[in-house]
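Scroll down for the structure; my scribbles are underneath it.
A short reminder: the numbers here are calculations on the coordinates, not readings from a lab. Everything numeric here is computed off the predicted structure, so don't read it as measured data. Because the Cβ atoms are built from the backbone with ideal geometry, glycine has one as well, and the counts that use them run over all protein chains shown.
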Amino acid sequence: MSYSESEIDLIVADSIGQLYYNHKKMLLAATNPFAEDRQKCESQLIKIFGDGVYNKVKAQFSDGKYRESVLADLKRRGIECSTFKSADYPELLKHTPSPPFVLYLRGRRELLSTRMFAVVGSRRTPAQILEECKRYCSELSSFVTVVTGVADGGDSAAISGALSTGNVVCVLPGGHDTKCYPNVNLYKKVESAGLIVSEFAPTVPVQRHTFTLRNRIIAGLSEGVLVVSGNEKSGTMSTAGYATDYNRDVFAFPYNVGAAAGKGCNRLIKTGANLCDSIEDIFLALGIERKTQTVETYDEADGDEAAVLNLLKEQGEMHAEKIASELKLKLTDVVTACSMLEIKGLIVRTGGNSYTII
């Protein structure tokens with residue numbers, strides 16, 4: 001991978017760990033002979049760090065061997081960079097406050113140039129919502145690239161659904177090589193079929209505040225965000241907050257009263273997010289037209305299965321004993337019918353012997 005001098009400047013500045021975002025911005029100006037504020041930025045850095053430290057940082061930034069070593073290390077790790085000066089740096093992200101100087105990439109970097117839509121959820125996402133999330137992302141990824149995190153629960157369901165096309169981008173809360181992501185197998189699948197993105201250099205560890213920084217990237221890359229689960233203080237609410245700040249469309253799954261996993265979703269809907277109970281809500285907002293399904297899924301069931309399915313369609317989540325009572329069937333027959341419906345992907349177990357339709 002070859003880079004222009006301006007791209008290399010950004011990559012090298014970003015590699016200097018003791019500098020914060022604004023320090024790096026000033027260093028780039030102070031070392032650019034054509035920058036109008038060059039002297040002002042240099043004076044500010046000297047005031048902040050002192051002459052000695054500033055001169056050391058400036059020398060490191062300008063040192064040819066150091067610059068070569070930074071690029072060589074990234075190549076060795078299999079990481080490419082899209083910088084603020086690169087042709088494929090995402091336009092939506094570029095126009096957010098404090099966009100990253102560098103995006104560190106593994107996988108299909110061409111996905112950076114596609115339309116993106118974020119789907120996020122908490123680790124404690126109910127089983128039926130996980131299945132809905134997978135289905136949504138499978139369909140969405142045929143038209144746009146799905147952006148999400150790397151946590152278990154809602155994020156993993158989003159990844160699993162979008163992997164059917166490979167149009168999936170995962171944003172990390174730390175460097176690529178910190179080896180602290182929960183589902184390593186899923187991470188590897190995304191690296192192979194989709195794209196892994198981080199604004200952090202490869203060895204930067206995950207810390208509490210880096211999750212919030214990561215969430216702004218998820219929102220910044222995307223035309224909109226769907227929140228499938230989360231309590232009122234979860235990271236998914238942080239992502240939704242950034243999306244609102246960036247004037248993106250925010251969608252949320254509605255939840256029953258008292259459902260802990262959906263308190264944040266219901267709060268979002270109360271405060272102006274779009275209630276999403278059909279994937280068509282998202283396609284309409286994105287201006288995407290698609291052929292509608294004309295064959296009813298429920299035709300795949302008959303006999304006891306059809307009776308159970310129709311009851312769940314009318315009543316929502318129900319316990320197997322309640323289903324048996326309502327339909328006047330033996331409990332064993334209901335359990336058998338539910339097992340077959342699960343295999344067919346028409347219903348999902350929500351805990352114990354309770355079921356709901358997908």
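Entry remark, segment 98-152: residues being farther than 29 Å from residue 20 by Cα and of a type in the set (Gly, Ala, Ser) number 6 in total.
The number of residues in segment 205-239 that are in a loop (DSSP other than H, G, I, E, B), in contact (Cβ under 8 Å) with a residue 60 or more places away in the chain and among the charged types (D, E, K, R) comes to 1.
Filtering segment 10-62 to residues that are touching a helix residue (DSSP H, G or I) at 6+ places or on another chain (Cβ under 7 Å), closer than 22 Å to residue 213 by Cβ and among the charged types (D, E, K, R) leaves 14, 24. Restricting 254, 202 to those that are assigned to a loop (DSSP other than H, G, I, E, B) and more than 24 Å from residue 162 (Cα to Cα) reduces the list to 202. The residue list 244, 178 contains one member that is in a loop (DSSP other than H, G, I, E, B) and more than 13 Å from the chain's Cα centre (by Cα), which is 178.
Could you list all residues from segment 243-262 that are aromatic (Phe, Trp, Tyr) and under 19 Å from residue 136 (Cβ atoms)? Quick ask: steps written out before the conclusion?
Step one: of segment 243-262, the residues aromatic (Phe, Trp, Tyr) are 246, 251, 253, 255.
Passing the criteria: 251, 253, 255.
Scanning segment 137-174 for residues that are under 21 Å from residue 290 (Cβ atoms), among the hydroxyl-bearing types (Ser, Thr, Tyr) and not in a helix (DSSP H, G or I) gives 141, 142, 145, 164, 165.
The single residue among 43, 98, 86 that is surrounded by fewer than 13 Cβ atoms within 10 Å (Cβ to Cβ) and either out of contact with any Cys (no Cβ under 8 Å at 6 or more places or on another chain) or not small (Gly, Ala, Ser) (or both) turns out to be 98. Among the listed residues 16, 79, which satisfies the condition of being surrounded by 19 or more Cβ atoms within 10 Å (Cβ to Cβ), within 35 Å of the chain's Cα centre (by Cα) and either among the acidic types (Asp, Glu) or closer than 30 Å to residue 172 by Cβ (or both)? After applying the criteria, what remains is 79.
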